[in-house]
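Q: Structure provided below as structure tokens; questions to follow.
The values are calculated or read from the model by the stated rules, or taken from the named source; none is laboratory data. Everything numeric here is computed off the predicted structure, so don't read it as measured data. For neighbour counting, all protein chains shown are included, and Cβ atoms are generated from backbone atoms with ideal geometry for every residue, glycine included. Please note that ligands, DNA and RNA were not included when accessible areas were found on the heavy atoms of the full protein model with its side chains. Shrake-Rupley method; radii C 1.70, N 1.55, O 1.52, S 1.80 Å.
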Amino acid sequence: MITINITKAKAIAHDARRTARSAEFAPLDIMATIPSVATAAETARQAVRDKYATMQAAIDAATTTDEIKAAMP
């Protein structure tokens, strides 16, 4: 029988979440330095923050691997 350590699974999921978040932020970080598009970039950055905050909360609340998988991008 295979036993899954939920704490370790959550840590792995959080690492994957951080990687995905960083990838989404990279182009927006560059756009935020261009004055003509900085406001739109910051709005997009906030949407990314909100998306990943929700994902983080779902991973933290998960009690099964299926719940963790469902929360992932």
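Q: Averaging sequence separations of C-alpha pairs under 8 Å and six or more residues apart, then dividing by the length of the chain, give the relative contact order as a whole percent. Walk me through the numbers before you get to the answer.
A: Details: 46 pairs, mean separation 29.0, N = 73.
It rounds to 40 percent for the chain.
Q: Excluding Met55 itself, what net charge comes from residues whose Cβ is under 14 Å from its Cβ, given Lys and Arg +1 and Asp and Glu -1?
A: Working: positive: Lys10, Arg17, Arg18, Arg21, Arg49, Lys51, Lys69; negative: Asp15, Glu24, Asp50, Asp60, Glu67.
Around Met55, the charge tally is +2.
Q: Please state, to two decimals, what the Cα-based radius of gyration of the chain comes to when divided by 2.2 N^0.38 Å (N = residues).
A: Working: Rg = 15.4 Å, N = 73, 2.2 N^0.38 = 11.2 Å.
Ratio of Cα Rg to 2.2 N^0.38 Å: 1.37.
Q: How much length, in nm to one decimal, is gained on full extension between Met72 and Lys8, taken as 0.36 nm per residue of separation minus their Cα-Cα distance?
A: Details: separation 64, 0.36 × 64 = 23.04 nm, distance 1.51 nm.
Full extension of this stretch gives 21.5 nm more.
Q: Excluding residues on the same chain fewer than 8 positions from Lys51, give the lysines whose Cα lies under 20 Å from its Cα.
A: Within the straight-line cut-off, Lys51 pairs with Lys10, Lys69.
Q: Mind checking the angle between helix 38-61 and the chain's longest principal axis? C-alpha axes, 0 to 90 degrees, to the nearest 10.
A: With rounding to tens, the tilt is 10 degrees.
Q: Sticking with this structure for a sec: Which order do Ile34, Ile68 take when ranked by solvent-accessible area (1.4 Å probe, heavy atoms of all protein chains), largest first?
A: On the way: Ile34 75, Ile68 10 Å².
Ranked from most to least accessible, the order is Ile34, Ile68.
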